[in-house]
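Presented below is the structure to which this report refers.
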Amino acid sequence: GTFLLRLARGFLILALFFPTVYAHGRHTGRLIFTATLFTVSLGTFVWELATWSKQAEAWHSAANTCYFFVLAYILIRYVAAQDAVSRNVVSATLVVYVMLAFAWTFLYDFVETLQPGSFTRATIPGGEPNQRVVFFYFSMITITTVGFGDVVPVSPMARMLTTTEALVGQLYLVGAVATVVGLRTTTLFEQRRARRQEKE
């Protein structure tokens, strides 16, 4: 699309930052750090759109990798600090999973930009020119361990990152489900105990 449409799309992706303001609570330092990453990501994105240089693409991918990993970390801390299951806890748990996929998307793009040929793309529907779209698809099928095999990591670095994402995706699901179920069980137990005390 046009410059403005691409800029709007990039801003909407980065705008995932704003809901995490709630998760920051009183931690002003983390909020400032995340806002700085947001600004750097948006700035490098504008630089990339204005110049279309590989250097700008690499910097933007690196900035976004850090940005989404930090957002995922903040939300994980938010969930871990909760005493009961709520809609916010469930939503944050799900959003972290997608943010991890976004982080690896830009990490793959960073590696491919620095070392072209790190990934082979057997089939790209319609000759998709935006490799980040391809890497987001690849990241989603990797983190869910589906692995269709149409995008293949070739270089040692690409293979290591792909393996790490698959492991992190599975470990996160196990940990997230255990946390949410544990919180829910605790809440139910406390509610039943409160009812018994009222009856007595």
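Estimated from helices alone, the mean residue ellipticity of the chain at 222 nm is -26500 deg cm²/dmol (sum of -39500 (n - 2.57) over DSSP H runs with n ≥ 4, per residue). When all protein chains stay in place and ligands, DNA and RNA are ignored, the 1.4 Å accessible-area order of Ile76, Ile141, Ile32, largest first, is Ile32, Ile76, Ile141. In a DSSP loop and with at most 12 other Cβ atoms within 10 Å, the chymotrypsin sites (Phe, Trp or Tyr not before Pro) in the range 110-200 are Phe148.
When the Cα positions of Thr65, Ser91, Thr113 are compared along the charge dipole of the range 31-115, Ser91 comes out farthest toward the positive end, with charges on each C-beta of Lys, Arg, Asp and Glu. By a 1.4 Å probe calculation restricted to protein chains, Val181 has an accessible surface near 80 Å², given to the nearest 10.
Accessible area per residue for the chain is 58 Å², calculated with a 1.4 Å probe on protein heavy atoms, without ligands, DNA or RNA.
Take the solvent-accessible surface of the protein heavy atoms, probe 1.4 Å, and return the percent of it on the chain that carbon and sulfur atoms account for. About 67 percent, which is the carbon plus sulfur part of the accessible surface.
The values are calculated or read from the model by the stated rules, or taken from the named source; none is laboratory data. Owing to the predicted nature of the structure, the values given are computational and were not obtained by experimental measurement. Glycine also receives a Cβ, built like all others from the backbone with ideal geometry; neighbour counts cover every protein chain displayed. Calculation scope for accessible area: heavy atoms of the full protein, side chains included, ligands and nucleic acids excluded. Shrake-Rupley method; radii C 1.70, N 1.55, O 1.52, S 1.80 Å.
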